[in-house]
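Quick note: the coordinates plus some simple rules give every number you see, no bench work behind them. Note that the structure is predicted; figures quoted are calculated from it, not measured. Reconstructed Cβ throughout: ideal geometry from the backbone, glycine too, with neighbour counts over all protein chains shown.
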């Protein structure tokens, strides 16, 4: 497995990440970290700690990943925070619950409108899992 849990990759119109993880929970954590890396958050004054329980469920892994990232993006926009750490408390192939930690107020320097399903497939590889996640900017 590469040392990098996520890497920004070239995409014609949007922004994309190649994400890797030893297991599915770490893949989802790394995808979340990658999302906030792409947002390039900037602090706006004195920062206050933020944490929130996030629970999502879906019919399949790919939809679960999109719903997870969309929920985190919504939290960031709603509370003007950037999230940095994600503790997954429960995970199965159709649901996850995690605590998301961050601080705010912080504002993104890049606008991400949504997570897309474009070419989204979570694949098991020799040393874990990987996927490419594309974001609409």
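Points worth noting:
- Crossing angle, helix 61-79 versus the chain [Cα axis fit, 0-90 degrees, rounded to tens]: 0
- Sorted by Cβ density within 10 Å, fewest first, the residues 91, 50: 91, 50
- GNM remark for the chain: springs join alpha carbons under 10 Å apart, and the peak mean-square fluctuation among 120, 27, 47 falls on 47.
- Using alpha-carbon coordinates, inclination of helix 24-39 to the longest axis of the chain, degrees: 40
- By the count of neighbouring beta-carbon atoms within 10 Å, fewest first, 137, 125, 81, 15 end up ordered 125, 137, 15, 81.
- Which labelled figure in (1) -0.51, -0.69; (2) -0.36, -0.57; (3) -0.30, -0.51 is log10 I(q)/I(0) by the Debye sum over Cα atoms at q = 0.10, 0.13 Å⁻¹, once derived from the coordinates: (3)
- Relative contact order for the stretch 6-136, counting Cα pairs under 8 Å that sit 6 or more residues apart, in percent: 33
- Among 59, 92, 111, residue whose mean-square fluctuation peaks in a GNM of the chain (springs only between Cα atoms under 10 Å): 59
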